[in-house]
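Everything on this sheet refers to the single structure shown next.
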Amino acid sequence: MTALKCDGDTYKCTANLQFGDGKWIAQWNVSVLHQAAASVPARVAAAPVPVTALKCDGDTYKCTANLQFGDGKWIAQWNAAVSHQA
């Protein structure tokens, strides 16, 4: 991955992938919110987990984030659309 952007207007994150001609992206839907918002439960806003690595796989259409948590073997994984930009 060479770049990661999340858009609060479209509620999507886009990762530029370090693959092939450099025009491949992975994109997925996200919730965008302010951590201090009154509608967010305190337990959700209080415990962000740092991401130590992010990979997106064009064969499985999944992105995997390694999380800096516990024994270091925790991951987050989600489906993503992987496509080539013209």
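The values are calculated or read from the model by the stated rules, or taken from the named source; none is laboratory data. Because the structure is predicted, anything quoted here is derived from the model rather than measured. Here the Cβ positions follow ideal geometry from the backbone for every residue, glycine too, while neighbour counts run over all protein chains shown.
The table below gives the values:
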{"quantity": "Complete set of residues in segment 20-57 that are in a loop (DSSP other than H, G, I, E, B) and at pLDDT 90 or above", "calculated": "20, 21, 22, 23"}
{"quantity": "Residues of segment 5-19 satisfying the condition of being loosely packed, with under 13 Cβ neighbours inside 10 Å and touching a strand residue (DSSP E or B) at 6+ places or on another chain (Cβ under 8 Å)", "calculated": "5, 7, 11"}
{"quantity": "Long-range neighbours under 8 Å by Cβ, at least six apart or interchain, first residue on the phi > 0 side of the Ramachandran plot within segment 15-35, second of a type in the set (Asp, Glu) and modelled with pLDDT of 90 or more", "calculated": "none"}
{"quantity": "Considering residues of segment 58-80 that are loosely packed, with under 13 Cβ neighbours inside 10 Å and under 14 Å from residue 29 (Cα atoms) only, the residue modelled with the highest pLDDT", "calculated": "79"}
